[in-house]
Amino acid sequence: MTLRVAVVGSGPAGSSAAETLAKAGIETYLIERKLDNAKPCGGAIPLCMVSEFELPPEIIDRRVRKMKMISPSNREVDINLVNEEEYIGMCRREVLDGFLRERAAKLGANLINATVHKLDIPTNNTDPYTIHYVDHTEGGAQGIAKTLKVDLVIGADGANSRIAKEMDAGDYNYAIAFQERIRLPQDKMAYYNDMAEMYVGNDVSTDFYAWVFPKYDHVAVGTGTMQVNKASIKQLQAGIRARASEKLAGGQIIKVEAHPIPEHPRPRRVVGRIALVGDAAGYVTKSSGEGIYFAAKSGRMCAETIVEVSNSGARIPTENDLKLYLKRWDKKYGLTYKVLDILQTVFYRSDATREAFVEMCDDMDVQRLTFDSYLYKTVVPANPITQLKITAKTIASLLRGNALAP
């Protein structure tokens, strides 16, 4: 037999999974509803992703080496990368996603432009799953109704995952990322050449941060919030526009976009022979709100596990086999999620704690630790003396800002 796997969704998670499966000679179907999809997101990727996922230089619009953290009182802290080789990559999602999808297709994944509507779930461990979808290759938006039988399904179809609903994966809280792409006059754009800005404060986000990130020929200006009503989002976006108004003067909005962001992993990420990856699984980190690297990595780790437990497609894996992917994932990244969750709870709860957070970012030890964990995706334990210093500075900052008061 040859194992048949359907990957639903071709963002970084789905395409990375499909690429790994196709490389191993497994019959792979990559189903994507919108081939020109440009997901609204900051588009920042860590350095380790560039090498690990072999991304060519043309994918990266900007190499950010300078960041400003801006507190509620507009105190600015500069965070500069010291090492010449280090940078945070800024990319447009339509470019990154398109590249990863095409690479998977070239390696043998069958790319299907379609919307999945329903999944028939078998009652035993060997019968196939039947995917009901509308193929847009012929018949345009209306499409043609078709079915596909497969042995395994990977749900990589984002925060509103149809696959997660079909497998009853359970709900999660979600935040909204709202973003305007703004084309700036040349002199204003020059300032953002290799600079990204992060703003904190109740006026720009009640539980997260707002950003100005440089892209190819424009900046992305946005906010993230768990207040998901339109009036609140409009108010917060007006807040970031006001805080950055001088730097954005003369800019022209070329696109407005919004998207849900999961706030924690779903209760069930593997059910039967279905596995969830990326946003569908809920792999966005607290504090930083970062999900691109974790999406691609989860897709790859899930697919690598499938290749391994199926003997490169020679047998159909069981639910227990697939759960090995979850064990590996939680062992590798569980601590990262916990640490960032605690940071968000401690530092994003009031403007006083946000002032303390920005003050802390002025410290070189804190900057180094933060960048190492972001660029290389390791929660790097600093040496004990540095760790003590950081802890003492954290408490001192919180006390100075009267942020430890209940």
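The values are calculated or read from the model by the stated rules, or taken from the named source; none is laboratory data. None of the values given here were measured: they were computed from a predicted structure. Ideal geometry is used to build each Cβ from the backbone, glycine not excepted, and the neighbour counts take in all protein chains shown.
Take the conditions assigned to a loop (DSSP other than H, G, I, E, B), under 22 Å from the mean Cα position of the chain (by Cα), buried (at least 24 other Cβ atoms within 10 Å of the Cβ) and touching a residue at least 24 places away in the same chain (Cβ under 8 Å) and apply them to residue 171. Does it pass?
Details: assigned to a loop (DSSP other than H, G, I, E, B): yes; under 22 Å from the mean Cα position of the chain (by Cα): yes; buried (at least 24 other Cβ atoms within 10 Å of the Cβ): no; touching a residue at least 24 places away in the same chain (Cβ under 8 Å): yes.
So residue 171 fails the test.
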Task: Residues being basic (Lys, Arg) and assigned to a helix (DSSP H, G or I) - total across the range 272-307 - done: 2
Task: Members of the range 181-207 found to be in contact with a helix residue (DSSP H, G or I) (Cβ under 7 Å, 6 or more places away or on another chain) and of a type in the set (D, E, K, R), listed by number - done: 188, 203
Open item on the list: Tell me whether the range 150-169 contains one or more residues that are more than 16 Å from residue 277 (Cα to Cα) and either in the same structural domain as residue 69 (by TED's automatic domain parsing) or among the basic types (Lys, Arg) (or both).
Closed with: no
Open item on the list: Checking the structure you have, find out if any residue of the range 65-78 is part of a strand (DSSP E or B), surrounded by 20 or more Cβ atoms within 10 Å (Cβ to Cβ), among the basic types (Lys, Arg) and out of contact with any Leu (no Cβ under 8 Å at 6 or more places or on another chain).
Closed with: no
Open item on the list: I want to confirm something. Restricting to the range 79-103 and keeping residues that are outside any loop (DSSP other than H, G, I, E, B) and of a type in the set (A, V, I, L, M), which single residue is farthest from the chain's Cα centre (by Cα)?
Closed with: 79
Open item on the list: I'm told residue 148 meets every condition in (1) within 27 Å of the chain's Cα centre (by Cα); (2) surrounded by 14 or more Cβ atoms within 10 Å (Cβ to Cβ); (3) not small (Gly, Ala, Ser) except one. Can you identify the failing condition by its number?
Closed with: (1)
Open item on the list: Among the residues in the range 309-319, are any over 24 Å from the mean Cα position of the chain (by Cα) and of a type in the set (Lys, Arg)?
Closed with: yes
Open item on the list: Going by what's in this entry, would residue 308 be described as surrounded by fewer than 19 Cβ atoms within 10 Å (Cβ to Cβ), within 18 Å of residue 17 (Cβ to Cβ) and either assigned by TED's automatic domain parsing to the domain that holds residue 155 or among the acidic types (Asp, Glu) (or both)?
Closed with: yes
Task: Verdict on residue 216 being in a loop (DSSP other than H, G, I, E, B) and assigned by TED's automatic domain parsing to the domain that holds residue 249 - done: yes
TODO: Would you mention how many residues in the range 201-213 are on the phi < 0 side of the Ramachandran plot, surrounded by fewer than 23 Cβ atoms within 10 Å (Cβ to Cβ) and outside any loop (DSSP other than H, G, I, E, B)?
DONE: 2
Task: Residue, surrounded by the fewest Cβ atoms within 10 Å (Cβ to Cβ), within the range 224-250, restricted to residues that are in contact with a helix residue (DSSP H, G or I) (Cβ under 9 Å, 6 or more places away or on another chain) and within 14 Å of residue 196 (Cα to Cα) - done: 247
Task: Test: residue 298 is surrounded by fewer than 23 Cβ atoms within 10 Å (Cβ to Cβ) and hydroxyl-bearing (Ser, Thr, Tyr) - done: no
- [ ] Output the number of residues of the range 157-168 satisfying the condition of being out of contact with any strand residue (DSSP E or B) (no Cβ under 6 Å at 6 or more places or on another chain) and of a type outside the set (D, E, K, R).
- [x] 2
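Right, residue 222: outside any loop (DSSP other than H, G, I, E, B), over 30 Å from residue 154 (Cα atoms) and under 22 Å from the mean Cα position of the chain (by Cα) or not?
Working: outside any loop (DSSP other than H, G, I, E, B): yes; over 30 Å from residue 154 (Cα atoms): yes; under 22 Å from the mean Cα position of the chain (by Cα): yes.
The answer is yes for residue 222.
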